[in-house]
Amino acid sequence: MLIQNNTIQKAIEILKNGGIIIYPTDTCYGIGVDATNKEAIKKLINLKGRDFKKPISIIVKNFKMAQEIGEFNSQAKKLFKKYLPGPLTLIVKKKKGIYQLPNILTAKKRKIGIRMPDNKISLELVKKFNKPITTTSANISGEPECYSKQEILKQFKKNIKDIDLILDIGKLQKNKPSTIIEIIGNKLKILRQGKLVIR
């Protein structure tokens, strides 16, 4: 069932029950599921037609949550504090913390992509859910990112029933995706140059 313009609380209940939501970020619309729920992540991958070998990044509510999930050296911490919230994804080593992230999320890799969008709805979701949620663009793999409900409905028309809620705030500004940076020791490796330019 597709629900539009509903409350954050409704979205939280869907996430708790292993459902799929689409929500706005500071770049494009994203697809969210509980990042600790293996079956929910499988549903997301199948919805997008995504390769299971591709890892999926997550949204955290603050640096404390990020530290429970990944290893942050001084360089990674500096980037997080300077640029987040914002259109940046940091790739750091995954660690065993209080959040049990299944291997399917990271495609069995020992790294995790961590993001904190500069968007009130994204941050409110993860704060109230109090667990990380997935962040991957709301599109069929290989197709353009979606910036409006109309684009979402068009792309997902064959499996729209698998989306439980769209948090529709209208047409988003067409921004580039987040910049992805991997932290290797004290060196930075830009995996994708997006909206944010690191100086």
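Just so it is clear, none of the values below were taken in a lab; they were calculated from the coordinates. Small disclaimer: the values here were computed from a predicted structure and weren't measured. Heads up, the Cβs are rebuilt from the backbone with ideal geometry, glycines too, and the neighbour counts pull from every protein chain shown.
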Next item on the list: Take the alpha carbon atoms of the range 35-64, find their center, do the same for the range 154-198, and report the distance between the two centers in whole angstrom.
Entry: 13 Å
Next item on the list: Rounded to whole Hz and in sequence order, give me ³J(HN,Hα) for the range 186-199 from the Karplus expression 6.51 cos²θ - 1.76 cosθ + 1.60, θ = phi - 60°, writing x for Gly and Pro.
Entry: 9, 9, 10, 10, 7, 8, 8, 8, x, 5, 8, 10, 7, 10
Next item on the list: Count charges around K127 for me, please; just the other residues with Cβ under 13 Å from its Cβ, Lys/Arg as +1, Asp/Glu as -1.
Entry: +4
Notebook entry, point to check: Given a cut-off of under 8 Å on Cα pairs at least six residues apart, what relative contact order in percent is computed for the range 70-169?
Noted result: 21 percent
Margin query: Show me the ranking of peptides 40-50, 152-162 by mean Cβ neighbours inside 10 Å, starting with the highest.
Written below: 40-50, 152-162
Notebook entry, point to check: So how compact is the range 147-199: Cα radius of gyration and Dmax in angstrom?
Noted result: 16.5, 45
Checklist line | Burial order of peptide ranges 107-113, 94-100, 121-127 (average beta-carbon count within 10 Å, highest first) | finding: 121-127, 107-113, 94-100
Margin query: Need one number: % antiparallel among DSSP beta bridges in the range 8-192, to the nearest 5.
Written below: 75 percent
Note to self: Rg over Rh of the range 61-151, using C-alpha atoms and the Kirkwood radius, what does it come to?
What the structure shows: 0.97
Checklist line | Length-normalised contact order of the range 1-69 in % [C-alpha pairs under 8 Å, at least 6 apart] | finding: 18 percent
Check: Too long at a 22 Å Cα-Cα cut-off: which of K81/K187; K53/K111; K158/K195; K43/K171?
Finding: K158/K195; K43/K171
Next item on the list: Report the net charge of residues surrounding S137, where surrounding means a beta-carbon distance below 14 angstrom and charges are Lys +1, Arg +1, Asp -1, Glu -1.
Entry: +4
Margin query: Tell me the mean residue ellipticity at 222 nm calculated for the chain from its helices only (DSSP H runs of n ≥ 4, each -39500 (n - 2.57), averaged over every residue, nearest 500).
Written below: -7500 deg cm²/dmol
Item checked: Environment charge at K171 (Cβ cut-off 10 Å; Lys +1, Arg +1, Asp -1, Glu -1) -> 0
Notebook entry, point to check: Based on the Kirkwood radius over alpha-carbon pairs, what value in µm²/s does the Stokes-Einstein equation return for the translational diffusion coefficient of the chain at 25 °C and 0.890 mPa s?
Noted result: 147 µm²/s
